[in-house]
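Chemist: I have a structure I would like to understand better, so I am pasting it below and will then ask my questions one at a time.
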Amino acid sequence: MKKVKERLPYLLTVLISELLLLLGWLYVKDGANLFQQTDNTTMEEVLCRVLEITDDDQKIGSLGDMYYLERNIRFDAEILKGPRKGERIQVQQLIDNVSTIGVEPVEKGDKVFAYLTDAGGTEIWSAGDYYRSGQMGLLLFFFCAALILFGRKKGFNTVLSLGFTCIAIFAVFVPSILSGHNPYLFSCLICLYVIAMTLALVSGFSRKSLASALGCAGGVLVAGLMTVIMSHLMKLTGFLDDDSLYVYLLNPDKPINLKAILFAANIIGALGATMDVSMSLSSSLQELTEKVPDIGFGALFLSGIRIGQDIMGTMANTLVLAYIGSSLSTVLLFLSYQSSLLQLLNREIIIAELLQALSGSIGILFTIPISTLAASLLYKRQHSSLLTGIK
């Protein structure tokens, strides 16, 4: 009976998390018609395995004054999935050093996608992307297994919370944007859901979780406010690149608000880092309170600030370097074609990356005192309650 009572909050957390995801998905799914193909053109796509390379033809082609190398690889393949599973087809892979530069030639045993096209009544199968989900699945399995191996019960709960987070993003948040709902509202709701669900699963219903949740929510709120204020002051539009334009044109009748997408990207990006910092502080201060029960509120708060100062330097670097790494190719390209460094640093795509890094870092900075204050108040209040009960 005691074990059932102890597990009841955990089971309720899982049940409520699933229920909220289901209700959210049901609410947004009907309007997300942009997930569906709207044109009448269809192209059959199959997954196949390369059985044998039958021909590898290379020749020199010309386009005006420019010459290029064209390589046409033909191979027999077996369809692995779908109604045509087991059927043997002949596929061609076209590679040149102009339009398909960087494409690796197929080899026997590779798994690739093939597309069927109709050329004057003749069926032609063309090779597409490589099938990489298998390798990525193995890496994901190793990651989850490592979490469970090292964290055991908490590791399993971490994997479970990660699964809920991914479902919330891809099954609720993304469809909500495509269905025309307010991205500002739904990004905030998703952040609140992830904070509450993750901390409840990983740490349970405790003062530590509450202190961490308050600090994380405060940091995300600051990061969001910085994004809104600076976007207005710098007159950002959200049109960062071609992808932004395509997103804007998805629904011409009711275009997606790209400034809201920028806001959502910033707070979701900052969420993980702020949650990490808030939990580290809350856990450290709880341990300190248990080891030194007589520590005062002021000493506990100052200890949290000192711990936070050590966390701050490395975590801010982590966030900034993550954004720099994700946009490194863009920076290299612009530096190659941009003569003025000042003009480069004022391009909206670069400014947006800097805004993400800086607003997230400011969010981390404010997470430290908020988490420390919340933890100090909650832990000392708990300690005082215990002393009162003893007396």
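The values are calculated or read from the model by the stated rules, or taken from the named source; none is laboratory data. Bear in mind the structure is a predicted one, so any value in this text is a computation, not a measurement. Cβ sites come from the backbone with ideal geometry, for glycine too, and all protein chains shown count toward neighbours.
Chemist: Taking the condition aliphatic (A, V, I, L, M) and either at pLDDT 85 or above or within 27 Å of the chain's Cα centre (by Cα) (or both), does LEU355 pass? So that I can check it myself, show each step before the final result.
Modeler: Working: aliphatic (A, V, I, L, M): yes; either at pLDDT 85 or above or within 27 Å of the chain's Cα centre (by Cα) (or both): yes.
So LEU355 fits the description; yes.
Conditions tested, residue by residue: (1) closer than 30 Å to TYR115 by Cβ; (2) at pLDDT below 95; (3) not hydrophobic (A, V, I, L, M, F, W, C).
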site: SER133; (1), (2), (3): yes, yes, yes
site: MET136; (1), (2), (3): yes, yes, no
site: LEU147; (1), (2), (3): no, yes, no
site: GLY151; (1), (2), (3): no, yes, yes
site: ASN157; (1), (2), (3): no, yes, yes
site: LEU160; (1), (2), (3): no, yes, no
site: PRO175; (1), (2), (3): yes, yes, yes
site: PRO183; (1), (2), (3): no, yes, yes
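Chemist: Here are some conditions: (1) surrounded by fewer than 17 Cβ atoms within 10 Å (Cβ to Cβ); (2) assigned to a loop (DSSP other than H, G, I, E, B); (3) β-branched (Val, Ile, Thr). ILE305 meets all but one. Which one does it not meet?
Modeler: Checking ILE305 against (1) surrounded by fewer than 17 Cβ atoms within 10 Å (Cβ to Cβ); (2) assigned to a loop (DSSP other than H, G, I, E, B); (3) β-branched (Val, Ile, Thr), the one that fails is (2).
Chemist: Six or more apart or on different chains, Cβ under 7 Å: which pairs go from a residue in the stretch 287-301 that's in a loop (DSSP other than H, G, I, E, B) to one that's surrounded by 10 or more Cβ atoms within 10 Å (Cβ to Cβ)? Could you list them?
Modeler: What qualifies is PRO293/HIS383; ILE295/LEU288; ILE295/THR289.
Chemist: Looking at the stretch 120-133, which of the residues that are surrounded by 10 or more Cβ atoms within 10 Å (Cβ to Cβ) and free of Cβ contacts under 8 Å to residues at least 24 places away in the same chain is nearest to GLY204 (Cα to Cα)? If you could, list the steps in order and put the result at the bottom.
Modeler: First, the residues of the stretch 120-133 that are surrounded by 10 or more Cβ atoms within 10 Å (Cβ to Cβ): 123-128, 130-131, 133.
If we keep only those that are free of Cβ contacts under 8 Å to residues at least 24 places away in the same chain too, we end up with 123, 133.
Values: GLU123: 59, SER133: 34 Å.
Step by step, filter the stretch 120-133, then rank; the result is SER133.
Chemist: Looking at the stretch 327-343, which of its residues are among the polar types (S, T, N, Q), in a helix (DSSP H, G or I) and without any contact (Cβ under 8 Å) to a residue 12 or more places away in the chain?
Modeler: Taking the stretch 327-343 and keeping what is among the polar types (S, T, N, Q), we get 327, 329-330, 336, 338-340, 343.
Now narrow it down to the ones that are in a helix (DSSP H, G or I): 329-330, 336, 343.
Residues satisfying the conditions are SER329, SER336, GLN343.
Chemist: Checking the conditions here, which among LYS208, LYS153 is surrounded by fewer than 18 Cβ atoms within 10 Å (Cβ to Cβ) and either more than 20 Å from the chain's Cα centre (by Cα) or at positive phi (or both)? Break it down stepwise before answering.
Modeler: Values: LYS208 fails: surrounded by fewer than 18 Cβ atoms within 10 Å (Cβ to Cβ).
That would be LYS153, the only listed residue that is surrounded by fewer than 18 Cβ atoms within 10 Å (Cβ to Cβ) and either more than 20 Å from the chain's Cα centre (by Cα) or at positive phi (or both).
Chemist: Just a yes or no: is a residue in the stretch 53-69 out of contact with any helix residue (DSSP H, G or I) (no Cβ under 9 Å at 6 or more places or on another chain), at pLDDT 90 or above and of a type in the set (A, V, I, L, M, F, W, C)?
Modeler: Among the residues of the stretch 53-69, at least one is out of contact with any helix residue (DSSP H, G or I) (no Cβ under 9 Å at 6 or more places or on another chain), at pLDDT 90 or above and of a type in the set (A, V, I, L, M, F, W, C), which makes the answer yes.
Chemist: If you don't mind, there's one more thing I want to ask. Looking at the stretch 319-330, which of the residues that are surrounded by 15 or more Cβ atoms within 10 Å (Cβ to Cβ) and among the β-branched types (Val, Ile, Thr) is farthest from the chain's Cα centre (by Cα)? Steps first, please.
Modeler: Narrowing the stretch 319-330 to residues surrounded by 15 or more Cβ atoms within 10 Å (Cβ to Cβ): 319-320, 322-323, 327, 330.
Among the residues that remain, those that are also among the β-branched types (Val, Ile, Thr) are: 320, 330.
Numbers: VAL320: 16, THR330: 19 Å.
Taking the candidates together, the pick is THR330.
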